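Have a look at the structure below before the remarks.
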């Protein structure tokens with residue numbers, strides 16, 4: 001373990017990272033946000049899921065520095081009287097979980113299909129890539145609206161709230177796998193012509209072993225870069241779906257559903273209910289994207305040959 | 001000397017849109033146990049195709065159209081994929097041209113060696129590592145225990161080629177096919193690698209097929225030479241015979257094209273006029289006749305079969321040339 005760390009400290013990636021202020025700041029921001037999100041029950045001043053904490057009388061209290069704000073609610077409260085800061089922290093946790101799980105699902109499906117399509121080629125390749133084209137020609141929002149409408153009608157709105165998280169993961173995960181499949185396929189096509197693949201074949205390795213153990217590790221850098229961008233996209237997709245009322249219910253809001261909930265109050269002067277979750281979402285997505293940009297530059301084989 | 005490898009009338013075609021293209025046309029040769037054969041020819045003569053065809057690894061759109069490959073008496077050209085995979089890297093190994101490309105850049109050489117061993121033998125990690133260290137020492141890699149945990153980019157070109165040879169040796173093969181193993185290396189390293197091959201062949205009595213375009217390399221290393229031209233073997237014989245007394249006009253041209261030393265300084269190097277025909281347009285008759293200084297009428301009419309040639313000391317070889325057809329009259 002220490003050996004690995006030593007090696008990492010000497011690597012070109014770490015060297016680039018040290019010299020890139022944007023990367024350091026976005027990485028630090030991301031780490032901070034993740035720690036906040038996953039220790040939500042410890043650091044959030046209130047538990048927004050506990051209805052005993054919620055008092056409808058204290059709804060729409062402005063942030064502490066405005067007239068009418070109190071020290072009890074740092075960033076004010078939302079329309080239902082929940083502490084906005086706590087709700088945001090819990091909401092960010094849901095957003096991140098959905099984002100990462102959806103990307104993991106995309107990656108699993110996309111990598112398997114991309115590897116098979118790229119390695120075997122021919123009819124299999126044609127079939128999977130046309131499938132990807134068809135998939136991409138549908139807007140994921142349209143699919144999500146359709147599926148959630150059917151699902152809500154089938155299980156009832158109350159039950160739907162319970163399955164909202166896996167539902168969102170599956171919808172976002174299934175909608176975006178072609179991105180992975182195309183990226184992986186392109187790298188596999190480039191890698192499989194290299195001599196080390198030929199050498200592996202000459203050594204008598206089977207197709208499975210060559211695909212997973214020899215080609216896939218060599219395709220990792222584009223996959224890594226794509227993953228960061230896809231996490232940001234998935235968080236945004238989740239926010240968009242929730243904003244449209246197809247995602248997380250108001251009782252367990254994600255950042256998107258918080259923005260949606262506050263939207264109705266923006267003209268009555270309670271701008272903070274929408275603004276603060278919005279700012280947090282922007283910071284989260286921006287940090288992930290900037291880190292992705294850094295990785296893309298640092299791992300670009302055309303700029304740096306390892 | 002029992003036969004290790006017998007290649008009989010091996011023909012490889014490539015199925016193109018415009019029709020089949022013959023890359024290897026009735027190639028026949030044999031290799032005894034522990035024997036070293038040089039396969040020489042210009043680029044595109046079919047040397048590498050022959051190497052791949054032996055272990056049945058011709059990539060699409062190529063396919064073996066005819067002939068047999070017998071390895072230790074077993075017809076391996078007819079084996080199913082599963083069975084031939086157990087021979088590749090185990091009983092027959094292959095070494096490629098560019099050591100920079102042949103090793104997987106993201107795995108340590110130890111991982112790659114252990115993997116190769118475990119693909120063919122049922123052994124544990126530590127035992128496999130011990131064998132790997134042993135083989136690395138055999139190819140003169142200093143402090144092999146430490147080197148095992150390094151990545152390919154941490155080695156120089158010559159060392160990488162040694163490592164590749166060590167990987168090829170891992171399962172104690174009876175035959176190594178080396179496809180231009182020194183082309184990508186500089187001359188001093190070339191000599192070291194060829195010495196290493198010689199040493200290993202003598203130590204372990206394994207056979208070697210050395211595919212190269214460099215006559216000088218072959219003449220120092222191998223016992224026999226087969227000269228290839230446009231997918232056919234045009235001359236075959238003992239190395240010294242072929243180099244000193246080449247019989248086929250093509251081989252004669254090749255030998256004459258080598259720089260001869262000081263007396264030629266300032267003059268142009270000899271060359272064979274013209275270029276090798278593309279495989280889509282092989283001339284009728286003997287494929288070499290448009291470039292041949294001894295071309296006769298019969299050369300453009302029918303292809304010469306393999307004809308025995310004799311040397312003054314009683315040795316014999318083969319040349320595919322009408323010049324040696326007794327029925328046509330020796331010139």
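The values are calculated or read from the model by the stated rules, or taken from the named source; none is laboratory data. Remember, predicted model here, so these are calculated numbers, not experimental data. All Cβ positions, glycine included, derive from the backbone under ideal geometry; neighbour counts span all protein chains shown.
From the list B:266, B:253, which one is farther than 13 Å from residue B:38 by Cβ and not in a loop (DSSP other than H, G, I, E, B)?
B:253
Test of understanding: among A:183, A:251, which residue is modelled with pLDDT under 90 and either away from every other protein chain (no Cβ under 14 Å) or crowded, with 17+ Cβ neighbours inside 10 Å (or both)?
None of the others qualify; the one that does is A:251.
When the stretch A:98-156 is examined, which residues are found to be farther than 30 Å from residue A:37 by Cβ, exposed (fewer than 15 other Cβ atoms within 10 Å of the Cβ) and touching a helix residue (DSSP H, G or I) at 6+ places or on another chain (Cβ under 7 Å)?
A:124
So how many residues does the stretch A:1-20 have that are under 23 Å from residue B:106 (Cβ atoms) and outside any helix (DSSP H, G or I)?
Number of matching residues: 2.
Can you spot a residue in the stretch B:39-50 that is within 14 Å of chain A (Cβ to nearest Cβ) and buried (at least 17 other Cβ atoms within 10 Å of the Cβ)?
Within the stretch B:39-50 (the criterion being within 14 Å of chain A (Cβ to nearest Cβ) and buried (at least 17 other Cβ atoms within 10 Å of the Cβ)), the answer is yes, since at least one residue qualifies.
If you check B:254, B:269, which single one turns out to be under 30 Å from residue B:200 (Cα atoms) and out of contact with any strand residue (DSSP E or B) (no Cβ under 6 Å at 6 or more places or on another chain)?
Just a single option satisfies the conditions, and that option is B:254.
Determine if the stretch B:286-306 includes at least one residue that is surrounded by 19 or more Cβ atoms within 10 Å (Cβ to Cβ), assigned to a helix (DSSP H, G or I) and in contact with a strand residue (DSSP E or B) (Cβ under 9 Å, 6 or more places away or on another chain).
no
Which pairs have Cβ atoms under 6 Å, sit 6 or more apart or on different chains, and link a residue in the stretch B:13-41 that is on the phi > 0 side of the Ramachandran plot to one that is exposed (fewer than 15 other Cβ atoms within 10 Å of the Cβ)?
B:26/B:9; B:34/B:205
Just the residues that are at the interface with chain A (Cβ under 7 Å from one of its Cβ atoms) and touching a strand residue (DSSP E or B) at 6+ places or on another chain (Cβ under 6 Å), please, taken from the stretch B:82-128.
Correct list: B:94, B:96.
Among what's in the stretch A:196-209 and is over 11 Å from residue B:94 (Cα atoms) and either surrounded by 20 or more Cβ atoms within 10 Å (Cβ to Cβ) or free of Cβ contacts under 8 Å to residues at least 60 places away in the same chain (or both), pick the residue that is farthest from the other protein chains (Cβ to nearest Cβ).
Here the answer is A:208.
If residue B:249 meets every condition in (1) surrounded by fewer than 22 Cβ atoms within 10 Å (Cβ to Cβ); (2) in contact (Cβ under 8 Å) with a residue 40 or more places away in the chain; (3) out of contact with any strand residue (DSSP E or B) (no Cβ under 8 Å at 6 or more places or on another chain) apart from one, which number is that one?
(1)
Without any contact (Cβ under 8 Å) to a residue 24 or more places away in the chain and within 23 Å of residue A:175 (Cα to Cα), is that true of residue A:220?
Considered against the rule, which asks whether it is without any contact (Cβ under 8 Å) to a residue 24 or more places away in the chain and within 23 Å of residue A:175 (Cα to Cα), residue A:220 comes out as yes.
Which members of the stretch B:1-31 meet the condition of being surrounded by fewer than 16 Cβ atoms within 10 Å (Cβ to Cβ) and at pLDDT below 90?
B:1, B:2, B:3, B:15, B:16, B:17, B:18, B:19, B:20
Does residue A:22 meet the test of being within 25 Å of the chain's Cα centre (by Cα), under 23 Å from residue A:285 (Cα atoms) and surrounded by fewer than 15 Cβ atoms within 10 Å (Cβ to Cβ)?
yes
Would you say residue A:227 is more than 28 Å from residue A:66 (Cα to Cα), touching a helix residue (DSSP H, G or I) at 6+ places or on another chain (Cβ under 9 Å) and either surrounded by fewer than 23 Cβ atoms within 10 Å (Cβ to Cβ) or more than 14 Å from chain B (Cβ to nearest Cβ) (or both)?
In short, yes.
Taking the condition on the phi > 0 side of the Ramachandran plot and modelled with pLDDT of 80 or more, does residue A:114 pass?
Against the criterion (on the phi > 0 side of the Ramachandran plot and modelled with pLDDT of 80 or more), residue A:114 does not qualify.
Can you pull out every residue in the stretch B:143-181 that is within 12 Å of chain A (Cβ to nearest Cβ) and without any contact (Cβ under 8 Å) to a residue 40 or more places away in the chain?
B:154
I need the full set of residues from the stretch B:57-78 which are within 12 Å of chain A (Cβ to nearest Cβ) and out of contact with any strand residue (DSSP E or B) (no Cβ under 7 Å at 6 or more places or on another chain), in order please.
B:57, B:59, B:60
Regarding residue A:34, is this residue more than 23 Å from residue A:272 (Cα to Cα) and touching a residue at least 24 places away in the same chain (Cβ under 8 Å)?
The answer is no for residue A:34.
So residue B:121 clears everything in (1) closer than 24 Å to residue B:206 by Cα; (2) surrounded by 14 or more Cβ atoms within 10 Å (Cβ to Cβ) except one condition, right? Which one?
So residue B:121 meets the others, but not (2).
Suppose the filter is crowded, with 20+ Cβ neighbours inside 10 Å and touching a helix residue (DSSP H, G or I) at 6+ places or on another chain (Cβ under 6 Å); does residue B:283 pass it?
No: the conditions fail for residue B:283.
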